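Written out below as structure tokens is the structure these notes cover.
The values are calculated or read from the model by the stated rules, or taken from the named source; none is laboratory data. Model, not experiment: these values are computed from the prediction. When we count neighbours, we look across all protein chains shown, and the Cβ atoms used for this are built from the backbone with ideal geometry, even at glycine. Calculation scope for accessible area: heavy atoms of the full protein, side chains included, ligands and nucleic acids excluded. Shrake-Rupley method; radii C 1.70, N 1.55, O 1.52, S 1.80 Å.
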Amino acid sequence: MILRAARQLVTRVGFREAQMNAVAEEAGVALATLYRNFPSKAALMVEVVASVSQREVDAAAGLAMGGGTAAKRLTASAWLFASRALIGRRLAHALVAEPVEPEIEAARLTYRRKLARVFEMIIEQGIRDSEFPAQDVQASAACIVGSLFEGLVGPLASDSLSTDVERQNQAKAIVGFCLRGVSGRIESLPLDDLRGQG
């Protein structure tokens, strides 16, 4: 109940503005009860990052372990992450780029590593199947995560992309860049059939 309330508050206002008294009010509990469960705002927000990021990693991993070529699974996983981030911009910005305390930043780094591991798995399979050229799998996966996070930071932080079509085009460009980097091919998979998965 408390975590759900904290997540909903962060979704609306971000980490900085999600104060403990507002979380307690959102959850319908006394402030003292909140502090008994979470001794500090940072401790609570670390749990928010952990729960939300695990959900996102699990969603990407589900597509990564599905059927189809490595390129198709890489595209689907990256597209899912990007499109969901652009739909839930405030929460995604908090998870990616909002200035936070060191404890929360450490939780975000764990999130990046877990997401990178999903892409490592796909790239390893693509290399084994001779679909992708030999490459440093960890470096490539880290670059994908970096492209997704950094390529979305601006759009998440501002209203520069005002329509769903513009946001989808931004996500599509980022995913295409990631696929080209891993596959070494200029062409990328069409994403029109993946839009419903966000």
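Could you compute Rg(Cα) / (2.2 N^0.38 Å) for segment 1-116, with N its residue count?
1.16
May I ask you to give the solvent-accessible area per residue for segment 17-133, in square angstrom, as obtained with a 1.4 angstrom probe?
So segment 17-133 comes to 44 Å² accessible per residue, rounded to a whole number.
Shape verdict for segment 81-121, please, from the Cα gyration tensor: rounded (a/c under 1.5), prolate (a/b greater than b/c) or oblate.
oblate
If we sort 140-149, 126-135 on the protection proxy, mean other Cβ atoms within 10 Å, highest first, what's the order?
140-149, 126-135
Can you figure out the FRET efficiency of residue 134 with residue 87, using R₀ = 41 Å and their beta-carbon distance, to the nearest 0.05?
The pair residue 134/residue 87 has a calculated efficiency of 0.70.
Grab the Cα-Cα distance for residue 19 and residue 185, subtract it from 0.36 nm times how many residues apart they are, and report the gain in nm with one decimal.
Working it through step by step, the gained length comes to 55.0 nm.
For the chain, what's the relative contact order in percent, using C-alpha pairs closer than 8 Å and at least 6 residues apart?
25 percent
How much of the accessible area of the chain, in percent, comes from carbon and sulfur atoms when a 1.4 Å probe is used?
Solvent-exposed carbon and sulfur of the chain make up 54 percent of the total.
Going by accessible area, probe 1.4 Å, with all protein chains left in place, what is the ranking of 123, 87, largest first?
I get 87, 123, largest accessible area first.
Figure the gain on full extension for residue 97 and residue 110 (residue separation times 0.36 nm, minus the Cα-Cα span) and round it to one decimal in nm.
Stretched out fully, the residue 97 to residue 110 stretch lengthens by 3.3 nm.
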